Amino acid sequence: MNTEISLHIPPKMWSDFQQSMLESRMLNEEVIGFLFCQRHQVSKRKIRYIPKTWVVPTAECYEHQSTDGLVLTQHFHSYLLENHITPGLDIVHIHTHAGQGIPDFSYVDNRYESEYARFIASSFPKKPRLISGVFDENLQLGKFRIWNRRGREFERVKFCNSLFAISNSQDITNNPDLMFTRQQIFGETNQKTLNQLKVGLIGCGGIGSIFAELLGRLGVKNWVLIDPDKLETVNLNRMTGATQEMVEQNWYKVHYVKHLIKKIYAQVSHVKTVPTIIENELAKQEIASCDLIVVATDNHLSRKTAQELALQYMRPLVCLGTHIEVKPDNTPRMYCRITVPPMGGDWCLMCGNIINLQRAALESAPAQINHMAAGAGYLEGVNDPSVFWLNSICASTAVGVIHGMVSGFLNVDSGIDWIYEFPGSDWRKTDTKYLQTDDCYFCGMNSSVNIVQNSDFDHEDFIVW
Ligand SMILES: [Zn+2]
Ligand SMILES: [Zn+2]
């Protein structure tokens, strides 16, 4: 009972979609657009629909388009079904009504949507479902519903087009938390979002642990921690509050980070620890339920996996790393890097060359091959130099970036890639325009504005809204 169903379209994708819709008409005629979405059962009572592709028909695809109705050509519709219905995806269609304010579904909408819900469920083996949305003419305000397969009943669907799908309704207390008094300037909503945000942290070592401490203090109470390693003496130069005693007691790093969070919030926090590698299926499932994925590991394979999960579940990803090298003349160069690939397309860690796929492949190879590769200089060893203060710059900046994403004072729609260099003390910001790729195997998203020639369609068959 009472399952919450939501449709979550990331901000950049929603604005691209909106723009295409508005461009596909002359004045304020009704327009329609389609999204093909994957259903994700986030928890027992929470279902989230994530768009995989979208299509907005151009004016040529309409048989009739006016302020009081729409008729799509059968030809376009066949094209749509043949090319975009991927088994397992459900169909979302959004159309507009003339006027401002949240419109109501009309009698005609009810009739055709009901028929259409039945039609698609009976025409495809995976029985796709229909989610329909109706918006005002400017595509500002609207509502959604999902039909059952028999086209008889529908349920409300919550729409979210922000970076994080946090429901502020489940607010537990109205008393502002004294602990965050000095952060009130950023707004109450911002604090609530932070308090409810569930962060998946992959890598609880030198960078991850500081990151968790800082983001925890900012207000994040819900965590999934993933790291297969145990604390070692060599870690003690850069982990707050870690002790030799913990090393002797064989503490996993995830338990150590949990301990840090529990020191901030004894009761109100939820921390799930998963002491395995991220490639493990259980770890992946836990990450899929998070609102934000953060990866702070020292290898390429886990970063690749994190990026794949972020793309699959359409979650924002923040990637942290540091690197120290010593030049032949003995001067050290130190770097830290914070990368946030855009959610839902344009570029990712793989096509942006932020990680190296060859290395990722080597890291997934059996230990023996790995050993040979390390000998040949393909891999950085575990003896990588690492210092607390540099890791802290990296972790602090990443927490600042997340604070900006949650509060909205930092726009990450095109993604960010910042590299800090020391002792030059330079921040270099990659121009993300150069990272954009059209046909990445990993992040290539099919979005299109379609023109279908009115060649040989059957005039007697129309699809109407
Ligand atoms: Zn309508
Ligand atoms: Zn890519």
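The values are calculated or read from the model by the stated rules, or taken from the named source; none is laboratory data. None of the values given here were measured: they were computed from a predicted structure. Cβ coordinates were reconstructed from backbone atoms using ideal geometry, including for glycine residues, and neighbour counts include every protein chain displayed.
If I ask for residues that are over 16 Å from PRO10 (Cα atoms) and of a type in the set (Ser, Thr, Tyr), which ones from the range 408-429 would you list?
If the condition is that a residue be over 16 Å from PRO10 (Cα atoms) and of a type in the set (Ser, Thr, Tyr), then TYR420, SER425 are the ones that fit.
Can you give me the ranges of the strands (runs of 3 or more DSSP E) entirely in the range 255-365 with at least 1 residues that are of a type in the set (Gly, Ala, Ser)?
Numbers: elements: 270-274, 292-295, 317-326, 332-340.
Because the criterion is at least 1 residues that are of a type in the set (Gly, Ala, Ser), the strands (runs of 3 or more DSSP E) in the range 255-365 that meet it are 317-326.
Here are ILE451, ILE369: which of them is modelled with pLDDT under 65 and not assigned by TED's automatic domain parsing to the domain that holds VAL220? Give the derivation first.
Working: ILE369 fails: not assigned by TED's automatic domain parsing to the domain that holds VAL220.
Just a single option satisfies the conditions, and that option is ILE451.
Identify the residue in the range 99-123 that is surrounded by 14 or more Cβ atoms within 10 Å (Cβ to Cβ) and within 29 Å of the chain's Cα centre (by Cα) and, among all such residues, is nearest to ligand 1 (Cβ to nearest atom).
That would be ALA117.
Only one residue in VAL31, VAL92, VAL55 is closer than 24 Å to SER122 by Cα, assigned by TED's automatic domain parsing to the domain that holds ASN138, more than 16 Å from ligand 2 (Cβ to nearest atom) and more than 20 Å from the chain's Cα centre (by Cα), so which one is that?
Exactly one residue qualifies, and that residue is VAL55.
Identify all residues within the range 343-355 that are more than 10 Å from ligand 2 (Cβ to nearest atom) and farther than 17 Å from ILE419 by Cα; write none if there are none.
MET343, GLY344
If we scan the range 126-138, do we find a residue that is more than 15 Å from ligand 1 (Cβ to nearest atom) and surrounded by 14 or more Cβ atoms within 10 Å (Cβ to Cβ)?
yes
Which one of these is in contact with a strand residue (DSSP E or B) (Cβ under 8 Å, 6 or more places away or on another chain), β-branched (Val, Ile, Thr) and either in the same structural domain as ILE402 (by TED's automatic domain parsing) or within 21 Å of ILE393 (Cα to Cα) (or both): VAL199, VAL234?
Matching residue, one of VAL199, VAL234: VAL199.
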